[in-house]
Amino acid sequence: QVQLVESGGGLVQPGGSLRLSCAASGIIFNINDMGWYRQAPGKERELVAVITSGGSTNYADSVKGRFTISRDNAKNTVYLQMNSLKPEDTAVYYCRADRRGRGYWGQGTQVTVSS
């Protein structure tokens with residue numbers, strides 16, 4: 001099994017920045033893609049960014065140019081650097097890892113962008 005723990009969420013003003021971290025533990029070998037999803041109240045969970053084991057990345061159009069996903073395999077950690085935050089970015093952000101055909105989710109961390 002894979003356990004994922006997110007950290008770094010909080011309250012930030014519009015235009016500000018946050019860096020989310022997701023640390024993986026348990027059976028961490030053979031993890032392939034890792035990514036970040038978010039879910040706002042009353043909305044469906046949506047993909048924010050994905051990074052492969054080789055470092056290739058993909059982003060939702062809504063965050064391109066503002067968010068950066070990265071990965072430190074030695075630390076078993078994936079990051080999401082969020083810049084130029086907007087109120088519409090407010091959501092619970094979830095870390096996801098895919099390993100051998102199964103998906104694993106973190107508990108989520110709240111990000112609130114408000115003045």
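The values are calculated or read from the model by the stated rules, or taken from the named source; none is laboratory data. The structure presented is a predicted model; accordingly, all values stated were derived computationally and were not measured. Positions of Cβ are backbone-derived with ideal geometry, glycine not excepted, and every protein chain shown enters the neighbour counts. Ligands, DNA and RNA are excluded from the accessible area calculation, which covers all protein heavy atoms including side chains. Shrake-Rupley method; radii C 1.70, N 1.55, O 1.52, S 1.80 Å.
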* Structure fact -> trypsin sites (Lys or Arg not before Pro) in the range 16-104 lying in a DSSP loop, each with at most 14 other Cβ atoms within 10 Å of its Cβ, come to K43, K64, R100
* To do: Please list, or write none, the lysines whose alpha carbon is within less than 23 Å of the alpha carbon of K86, excluding same-chain residues fewer than 8 places away.
  => K43, K64
* Calculate, for the range 41-115, the solvent-accessible area per residue in square angstrom, rolling a 1.4 angstrom probe over the heavy atoms of the protein chains. => 56
* **With every protein chain in place, the range 22-62: carbon and sulfur % of accessible area (1.4 Å)** => 48
